[in-house]
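The values are calculated or read from the model by the stated rules, or taken from the named source; none is laboratory data. Since the model is a prediction, treat every value here as computed from it, not as a measurement. Heads up, the Cβs are rebuilt from the backbone with ideal geometry, glycines too, and the neighbour counts pull from every protein chain shown. For the accessible areas, the whole protein counts, side chains as well, though only heavy atoms, and no ligand, DNA or RNA atoms are used. Shrake-Rupley method; radii C 1.70, N 1.55, O 1.52, S 1.80 Å.
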Amino acid sequence: QVQPVDSGGGLVQAGGSLRLSCAASERTFSTYAMGWFRQAPGKEREFVAAIRWGAGITYYADSVKGRFTISRDSAKNTVYLQMNSLKPEDTAVYYCAATYSGGYLRPQDYEYWGQGTQVTVSS
């Protein structure tokens, strides 16, 4: 059973950085995929980044490529989202998620979700 707990959001100035963390009770990270999604008020939840534990392959939305990095620490059962060069349009609630399926890019691909952590980027 995977129970993600996401944290690390906050207020940051445009151009700054934040690192989000997602701790999971499931300890076998090498066989699972973890992802980050975000949702701004009035908008659909959108894909941000994902990582396949076993293969070490990462995926990013075009809007965050070159700025965000997803990684994991298997010893701590934790996935991270390092966010650099933040923009006001990055403002949203960020959710980590875990899946046992083969899809990684859509919200419907994920079965387990964190509670969300607010990221606010000021101009």
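Values as computed for the structure displayed
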item	result
Condition check for Phe37: farther than 20 Å from Tyr112 by Cβ and modelled with pLDDT of 95 or more	no
Output for segment 3-16, where each listed residue is within 15 Å of the chain's Cα centre (by Cα) and either open to solvent by 60 Å² or more (accessible area, probe 1.4 Å) or not hydroxyl-bearing (Ser, Thr, Tyr) (or both)	Gln3, Pro4, Val5, Asp6, Gly8, Gly9, Gly10
Residue satisfying all of: in segment 33-73; open to solvent by 50 Å² or more (accessible area, probe 1.4 Å) and touching a Ser or Thr at 6+ places or on another chain (Cβ under 7 Å); farthest from Gly15 (Cα to Cα) among these	Gly54
Unique match (being surrounded by 15 or more Cβ atoms within 10 Å (Cβ to Cβ) and either over 12 Å from the mean Cα position of the chain (by Cα) or in a loop (DSSP other than H, G, I, E, B) (or both)) among Leu86, Leu81	Leu86
Ala49 vs. criteria touching a Cys at 6+ places or on another chain (Cβ under 9 Å) and either of a type in the set (Gly, Ala, Ser) or not in a strand (DSSP E or B) (or both)	no
Residue list for segment 97-112, restricted to those being open to solvent by 70 Å² or more (accessible area, probe 1.4 Å), at pLDDT 90 or above and of a type in the set (Phe, Trp, Tyr)	none
Residue within segment 94-110 that is more than 11 Å from the chain's Cα centre (by Cα), assigned to a strand (DSSP E or B), charged (D, E, K, R) and closer than 17 Å to Gln3 by Cα present	no
